[in-house]
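Written below as structure tokens is the structure these notes are about.
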Amino acid sequence: MKFPVDILKKCWFLAGPTAVGKSELALQLAEKLDGEILSLDSMAIYRQMDIGTAKPTPEQQARVPHHLIDLVDPHEEFSTAEYLVNAEQVCRDVLNRGKTPIFVGGTGLYLRAILRGVFEGPPADWEFRNKLQEQAQSEDQDWLHCELLKVDPVSAERLHPNDHRRLIRSLEIHHLTGQPASAIQNEEPLPKEERPLHVYWLSPDRAWLRDRIDARVESMIELGLVAEVQQLLQRDPPIGRSARQALGYREMIDYLEGRLESLDATISQIQTGTRQFAKRQHTWFRNLVECRPIERRPEDTATDLLQRILSR
């Protein structure tokens with residue numbers, strides 16, 4: 001499944017690790033280009049998950065239209081292929097209004113899917129999936145990740161040990177095809193003449209980003225992350241497997257269900273997990289040849305970064 005090249009070349013992209021300062025820059029860029037923002041965030045698709053995903057505020061959404069957020073309820077699953085279908089439809093609508101589509105976010109998998117396409121793979125083997133899910137419940141928490149390391153270390157390196165849905169899918173592909181998912185999912189970049197011209201990612205100072213991440217997590221607690229997660233746990237149907245794996249939510253669920261001893265320990269674990277996630281995001285964007293790095297210095301304002309991008 002491929003994104004149409006004629007649409008792709010009319011889009012702009014702004015990626016980067018969490019807490020790097022994409023939101024204000026994206027608003028200014030959209031205002032400059034007469035554009036609309038399309039989310040590149042795999043957890044902002046979920047309704048009622050606002051604080052922990054740093055979803056754009058009502059004020060930001062009033063300032064510039066935002067799309068590809070609040071697409072499904074927290075108990076539902078949502079694939080990368082479904083994201084691609086939705087993204088194409090929104091792009092067409094934005095372009096038909098004479099506006100510029102600007103993709104903004106930190107989910108490298110979504111960005112690569114738009115730039116290179118999605119491998120649809122063999123159909124699901126539900127017997128195999130259910131067997132893995134049942135065994136995972138009786139094994140150590142990282143058992144699925146360890147199993148994938150044995151047959152597909154490249155995919156295992158890309159995936160978080162708690163991302164059970166994608167771990168199972170990678171193991172399923174190997175089971176059905178006899179090949180590592182990474183070998184047959186390795187979509188190559190489009191020829192240079194077909195690539196979009198404006199694909200940027202913010203590359204920050206690591207120490208500065210670490211402090212920003214820690215402060216952001218503390219701010220999320222102050223804004224009411226605990227109450228937001230409590231409400232999700234009380235939903236009927238309950239929050240689903242994929243949504244539970246979102247950073248901040250899985251740790252808070254562990255706290256509320258008694259697997260973490262204190263709120264302070266939970267905050268610390270969220271901060272550590274988010275810093276580790278930011279490192280993986282950095283690797284994603286650095287390894288996508290389509291992406292052009294924009295240095296994000298600690299003293300930079302959004303206006304500074306905007307001028308740097310527009311001068312490229």
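The values are calculated or read from the model by the stated rules, or taken from the named source; none is laboratory data. What you see is a predicted model, and the numbers here were worked out from it, not measured in a lab. All Cβ positions, even for glycine, are placed from backbone atoms using ideal geometry, and neighbour counts span all protein chains on display.
Quick look at the numbers
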read-out: Listing of helices (runs of 4 or more DSSP H) fully contained in the stretch 82-177 that carry 2 or more residues being in contact with an Asp or Glu (Cβ under 7 Å, 6 or more places away or on another chain) and touching a residue at least 12 places away in the same chain (Cβ under 8 Å); value: 108-116, 126-138, 164-177
read-out: Complete set of residues in the stretch 110-130 that are under 13 Å from Pro189 (Cα atoms), at pLDDT 90 or above and crowded, with 22+ Cβ neighbours inside 10 Å; value: Leu111, Ala113, Ile114, Leu115
read-out: Selection count where residues are at pLDDT 95 or above and under 24 Å from Thr177 (Cα atoms), scope the stretch 85-109; value: 0
read-out: Hits in the stretch 243-267 - residues which are out of contact with any helix residue (DSSP H, G or I) (no Cβ under 9 Å at 6 or more places or on another chain) and either over 24 Å from Ile69 (Cβ atoms) or part of a helix (DSSP H, G or I) (or both); value: Gly258, Asp264
read-out: Test: Gln276 is of a type outside the set (Gly, Ala, Ser), at negative phi, in contact with a Gly (Cβ under 6 Å, 6 or more places away or on another chain) and in a helix (DSSP H, G or I); value: no
read-out: Residue check, Leu38 over 18 Å from Thr107 (Cα atoms), in contact (Cβ under 8 Å) with a residue 40 or more places away in the chain, crowded, with 21+ Cβ neighbours inside 10 Å and hydrophobic (A, V, I, L, M, F, W, C); value: no
read-out: Per-region count, the stretch 210-225, residues in contact (Cβ under 8 Å) with a residue 60 or more places away in the chain, closer than 15 Å to Thr53 by Cβ and either crowded, with 16+ Cβ neighbours inside 10 Å or touching a Cys at 6+ places or on another chain (Cβ under 6 Å) (or both); value: 4
read-out: Qualifying helices (runs of 4 or more DSSP H) (wholly inside the stretch 1-66; at least 3 residues being closer than 16 Å to Gln307 by Cα); value: 22-33
